[in-house]
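Enquirer: Let me give you the structure first, and then I'll get to my questions.
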Amino acid sequence: MNLQDFETQYREAMAETLNELQTAILLLAQVQQKIQIIGSSVQNLSERVEEFIANQKTE
């Protein structure tokens, strides 16, 4: 393998790795957003259940 072949392989491997890193970062952002949405849903559900329980106790 000569220097030019080595350089080409290195650049291709680096580009692929950086693309994979970018994909992972985008997926992480999607997961964080989904976690936030689920957390809000759980909080909303919890508040409704607590409200329902409180209303049942007063009846």
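The values are calculated or read from the model by the stated rules, or taken from the named source; none is laboratory data. Please read these numbers as outputs of a predicted model, since none were measured by experiment. The accessibility values were calculated without ligands, DNA or RNA, using every heavy atom of the protein model including side chains. Shrake-Rupley method; radii C 1.70, N 1.55, O 1.52, S 1.80 Å.
Enquirer: In deg cm²/dmol, rounded to 500, what helix-only [θ] at 222 nm does the chain give when every DSSP H run of at least 4 residues adds -39500 (n - 2.57) and the total is split over its residues?
Expert: It comes out at -36000 deg cm²/dmol, rounded to the nearest 500.
Enquirer: Just the number, please: carbon plus sulfur as a percent of the accessible area of region 1-54, 1.4 Å probe, no ligands or DNA/RNA counted.
Expert: The computed percentage sits at 60.
Enquirer: Next question. In square angstrom, what is the accessible area per residue of the chain with a 1.4 angstrom probe?
Expert: 97
Enquirer: Suppose we take every Cα in region 1-53 and form the convex hull; what volume per residue is that in Å³?
Expert: Enclosed volume per residue, from the Cα hull, is 40 Å³.
Enquirer: Quick check: the angle from helix 3-58's long axis to the longest principal axis of the chain, C-alpha only, nearest 10 degrees?
Expert: 0
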